[in-house]
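Accompanying notes for the structure given below.
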Amino acid sequence: MTADLRADRVTKSFGGVLALDGCSLTAPAGQITGLIGPNGSGKTTLFNVMTGYERIDAGQVYLGARRITGASPHRVFALGVGRTFQLTRIFPRLTVLENMLVPAQRGRPARPHRERALELLAFTGIADHARELAGTLSYGQRKLLELAYILVADPAVVLLDEPAGGVNPSLIHHIADRISELNKAGQTFLIVEHNMEFVMGLCHQVTVLDSGTVVASGPPEVIRTDPRVLDAYLGTGTDDDD
């Protein structure tokens, strides 16, 4: 399955602080969309409302033609939206392979679970660690496990939260290559990332948030030189947001 993921005029406040202010974003089917912005711009909050981890105050979220506003994270995942987190969420006391079998039990049925899990571990380059405890993996390997973990459920859209964050340069290139190859096979991605080289070299389009509002959206070559982007983000030297 492939589908657009869309946030339509989404608003979210925390204790009177406006985190998202009528924010709209589309991750088109079959493309890699980047989401960037300075600290506190609302990137992770937008991820959270699109995947059911936060309730929105106003607006809608759609997967294709289906409205998924207010659905639980489990339901959103079952419908075909998988996500990773800034801090990896794996099961450190389970083996790498056992981790891979969890989403098949919790989410959308996947074709023969064990075989598919092993295929994805080989694809991400961590098959040699299949029988090791996940807690023994390096941070970059945990990022790869989390990506493979999401893919085992065959999602329509994958949301990646800081896939290059805290990862050594060689593994960053490996992760980018895996994302690119998956996309060439039709996988849709929405990526929050502060590594500009990673974003600009990988994404088809980039959306920029500032203070909970979209200030620019377009192909990387346009975003690079947009004065609003330079003012809001690229000239600040900031990292990721909450």
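Structure notes:
- Matching entry among Ile175, Ile150, Ile191, Ile179 (being without any contact (Cβ under 8 Å) to a residue 60 or more places away in the chain and crowded, with 19+ Cβ neighbours inside 10 Å): Ile175
- Sub-8 Å Cβ pairs linking a first residue in the range 55-81 that is farther than 19 Å from Ala27 by Cβ to a second residue that is hydroxyl-bearing (Ser, Thr, Tyr), at least 6 apart or interchain, are Asp57/Thr11; Asp57/Ser13; Ala58/Thr11, ordered by first then second residue.
- Where Ser13 falls short, out of the listed (1) within 21 Å of Asn183 (Cα to Cα); (2) hydroxyl-bearing (Ser, Thr, Tyr); (3) in contact (Cβ under 8 Å) with a residue 40 or more places away in the chain: (1)
- Residue within the range 19-31 that is surrounded by fewer than 21 Cβ atoms within 10 Å (Cβ to Cβ), of a type in the set (A, V, I, L, M, F, W, C) and within 23 Å of Glu146 (Cα to Cα) present: yes
- For Asp177, the criteria (1) acidic (Asp, Glu); (2) over 23 Å from Asn39 (Cβ atoms); (3) in contact with a Phe, Trp or Tyr (Cβ under 9 Å, 6 or more places away or on another chain) hold in every case but one, which is (3).
A short reminder: the numbers here are calculations on the coordinates, not readings from a lab. Computed from a predicted model, the values in this text were never measured in an experiment. In this analysis, Cβ positions are derived from the backbone assuming ideal geometry, glycine residues included, and neighbour counts consider all displayed protein chains.
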